[in-house]
1. Which residues in the range 110-128 have a backbone N closer than 19 Å to a point placed 7 Å from the Cα of residue 167 along the Cα-to-Cβ line?
2. Given charges of +1 on the Cβ of Lys and Arg and -1 on the Cβ of Asp and Glu, with all other atoms neutral, how large is the dipole of the chain about its Cα centre, in debye to the nearest 20?
3. Figure the gain on full extension for residue 91 and residue 6 (residue separation times 0.36 nm, minus the Cα-Cα span) and round it to one decimal in nm.
4. How many angstrom lie between the C-alpha centres of the range 198-221 and the range 1-29?
5. Using the Cα atoms of the chain, I'd like the radius of gyration and the largest Cα-Cα distance, Dmax, both in angstrom.
6. With r defined as the distance between the Cβ atoms of residue 130 and residue 228 and R0 fixed at 41 Å, what FRET efficiency is calculated, to the nearest 0.05?
7. Assuming 0.36 nm per residue, please report the length gained on full extension of the stretch residue 35 to residue 16 beyond their Cα-Cα distance.
8. Would you be so kind as to identify which of 89, 149, 133 lies farthest towards the positive end of the dipole of the range 71-157, taking Lys and Arg as +1 and Asp and Glu as -1 on Cβ and the Cα centre as origin?
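Values in this text are rule-based calculations from the coordinates and carry no lab data. Predicted model, so just to flag it, every value in this text is computed and none were measured. Note that each Cβ is placed from the backbone with ideal geometry, even for glycine, and that neighbours are counted across all protein chains shown.
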Amino acid sequence: MERIVSRLEASEAVSSHGWRYVLGTLQASVPVGTLVDAISLAADAAAACGDDADRHLRVDVRADMAFLTLQSLDHAAVTTRDVELARRISSAADRAGFPLGPGIGTEAPRSVQVVEIAIDALSISGIRPFWKAVLAYADEAGADGPEDPLVDPLRQGPALWFQQMDRARPQRNRLHLDVSVPHDEAPRRVEAALAAGGRLVSASRAPAFWVLADQEGNEACVTTWQGRDG
């Protein structure tokens, strides 16, 4: 029976197969030589998933790279089925000569990641309809409440979530980016941001997230799945 798995369980189950757990998804990437190679890999991945492909697998193909994402659309989370599909896809990719990986390290353009936009609000239910309309976004499966996040129905743009404010803070930036990366990529990403002129605002919740800012105070959080359970 399919069930939602914990962050730790998902990470441990797929890391040795070239995948990483990132913000409720399993993600992997692989460099390719041509767009035809990327499409061929996508076809192999879909075939490995069989009838589950449409409800679990998403593939972004480029001329030099293919990105693969697994998540149950019915649960909007990683399930035992996604873990099994990740292993199947990795085996198929290995046989095709395209071993999967998370893209971690200086040789890769970047690691797999998920970017979200967070908006601070005094009345989330008051502003959420505006953002849903202006972005033509939709409710996530099982999360259609007046304060729940919004997602791109085509899964091209970043998700949008709302952070409750207790009082107006006019001197604080009301919008920031959350950059979710593999747990073993986060320290390198934080170091790179600091080396590029950023500053560390807070590491009190690391490794769940580090709050960083540019020289003018605009904030971004580097986040991982770790440090969130218990």
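1. Those under the cut-off are 120-124.
2. Values: 23 positive and 32 negative charges, 98 e Å.
With only Lys, Arg, Asp and Glu charged at Cβ, the dipole is about 480 debye.
3. That works out to 28.3 nm of additional length.
4. That distance is 26 Å.
5. For the chain, the Cα radius of gyration and maximum Cα-Cα distance read 18.4, 57 Å.
6. Result of the calculation: an efficiency of 0.90.
7. Stretched out fully, the residue 35 to residue 16 stretch lengthens by 4.2 nm.
8. Of the listed residues, the answer is 89.
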